[in-house]
Amino acid sequence: MNQLSDYHRERVRAVLQSSPLVPVIAIQDLEDAVPLCQALVDGGINVLEITLRTEHGLKAIEQVRKAIPDAWVGAGTVTSIAQYRQVEAAGAQFVITPGVTEAILEFGVTSEAPLLPGIATISELMVGYNLGYREFKFFPAEVAGGIPALKAFNGPFPDVTFCPTGGIRRNTAADYLALGNVQAVGGTWLTPRMWWRPKTGRRLPRLRVGVWLISDFRLGFPAWKFWSGRTLGQGFRETLRAHPCALGAGHPWPATFPETLPQSACHTFR
Ligand code: 3PG
């Protein structure tokens, strides 16, 4: 049986290290895809999980990938190998599944886009672990045991790290990020639909989304109160670099993604 290569693992780890916050995005109107994702990138979030939960998922991945080369565009809610192939063809740079099947785990070992498999139990983790996976999505985090479960996982599997999603909100994100085995947290709370597509049909300028993101984070992460002015993205990134404690220990914030990977890997991945 094939084992996950160091190269694949390095790629997934680099994605998670690139942003401690991973928005889970369900595109309702295709025309919103690029402006919304651009707002997130402007706000300092450069890892995007665009899900296949709506009919626009694939097209959105394709469009965002072309329009925002600085972003890491991943596909979420991938549940079959057929979908895995489709999102790779659309340009997804990584793939996230809500759960695992042996077939998907094995496909991820040799795929072009690296896989972040979703697990909810230690038994599922062990299936992936035996294939070489060390990074997992923990889903649905809150109902599958939340922070106590992640602490318990660390006992038998100290070399495994997680991106918990499902039920996490801005007021609990920092607690998750403070755990040594949590690289990043995800969720739909980062892109509440009401803020970027109000009922009136009047689209919020992308700046408002960035403002919302930052003010929301500032409520949740006290160190972010140091953020002050300049451009949104710049202030956001500077704050994170200056006060990494806001995100918990061990969450590097690389200036640009390629610095974290060998050139050869960057070339292939991007
Ligand atoms: C996911 O797929 O990661 C979850 O549906 C996100 O859960 P949330 O809506 O509770 O953030």
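Inside the stretch 147-169, can you point out the residues that are in contact with a Gly (Cβ under 8 Å, 6 or more places away or on another chain) and crowded, with 18+ Cβ neighbours inside 10 Å?
CYS163, PRO164, THR165, GLY166, ILE168
Hey, could you check the stretch 178-189 for residues that are outside any strand (DSSP E or B) and near the ligand (Cβ under 8 Å from one of its atoms) and say which is modelled with the highest pLDDT?
As a first pass, look at the stretch 178-189 and keep what is outside any strand (DSSP E or B): 178-181, 183-184, 188-189.
Narrowing the set further to residues that are near the ligand (Cβ under 8 Å from one of its atoms) leaves 188-189.
Details: THR188: 85, TRP189: 77.
Of everything passing the filter in the stretch 178-189, THR188 is modelled with the highest pLDDT.
So which of GLN17, GLN3 is more than 16 Å from the ligand (Cβ to nearest atom) and within 18 Å of PRO164 (Cβ to Cβ)?
On inspection, the qualifying residue turns out to be GLN17.
Of these, THR110, THR77, which one is touching a Pro at 6+ places or on another chain (Cβ under 9 Å) and either in contact (Cβ under 8 Å) with a residue 24 or more places away in the chain or buried (at least 19 other Cβ atoms within 10 Å of the Cβ) (or both)?
THR77
The values are calculated or read from the model by the stated rules, or taken from the named source; none is laboratory data. Since this is a predicted model, take the numbers as computed values, not measurements. No Cβ is skipped: glycine too gets one built from the backbone with ideal geometry, and neighbour counts run over all protein chains shown.
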